[in-house]
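So the structure is just underneath, and the comments pick up after that.
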Amino acid sequence: MIHALKSKHKGTTSGMNYRALKLIRQYHRLTQADLAEELKLSKSFISELENGNRRPSLDVLEKYAAYFQLPLSSLMLFSEELESDSWHERSRAFMASKVINMLEWLEETSRDSTHEIKK
């Protein structure tokens, strides 16, 4: 299963990283423009991060961690390399992908529930 994950993401979890950053923003009900203003970044930069077109630097991850009051280590979990020879690192990356999938499901379910209540 890890092998399939490696080939799908071509060696990194950057795909998981951008999904995590987007989910954090959505959870806090912020628009990309709102977050960009708070973090002193451009809206287009936030958009590129969330679309996987740019990788966040350590400085950017530190800004996210400080603003959302998250441990930097939590954000770093989603930046782990999948190509590692270490079983520990591969299993950590695999678990990170499962956590992201679960959070995306919760976000969709929450959105659907909110939509139903407003009807």
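The values are calculated or read from the model by the stated rules, or taken from the named source; none is laboratory data. Remember, it's a predicted structure, so these values are computed and weren't measured experimentally. Reconstructed Cβ throughout: ideal geometry from the backbone, glycine too, with neighbour counts over all protein chains shown.
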Next on the checklist: I need the full set of residues from the range 49-68 which are in contact (Cβ under 8 Å) with a residue 24 or more places away in the chain, over 16 Å from His28 (Cα atoms) and of a type in the set (A, V, I, L, M, F, W, C), in order please.
Outcome noted: Leu49
Item to check | the range 71-84 - residue that is in a helix (DSSP H, G or I) and surrounded by 10 or more Cβ atoms within 10 Å (Cβ to Cβ) and, of those, modelled with the lowest pLDDT | outcome: Leu77
Next on the checklist: Tell me whether the range 85-94 contains one or more residues that are modelled with pLDDT under 80, crowded, with 17+ Cβ neighbours inside 10 Å, of a type in the set (Gly, Ala, Ser) and in a helix (DSSP H, G or I).
Outcome noted: yes
Next on the checklist: Within the range 1-53, considering only helices (runs of 4 or more DSSP H) that don't extend past its boundaries, which have at least 2 residues that are modelled with pLDDT of 80 or more?
Outcome noted: 14-27, 32-39, 43-50
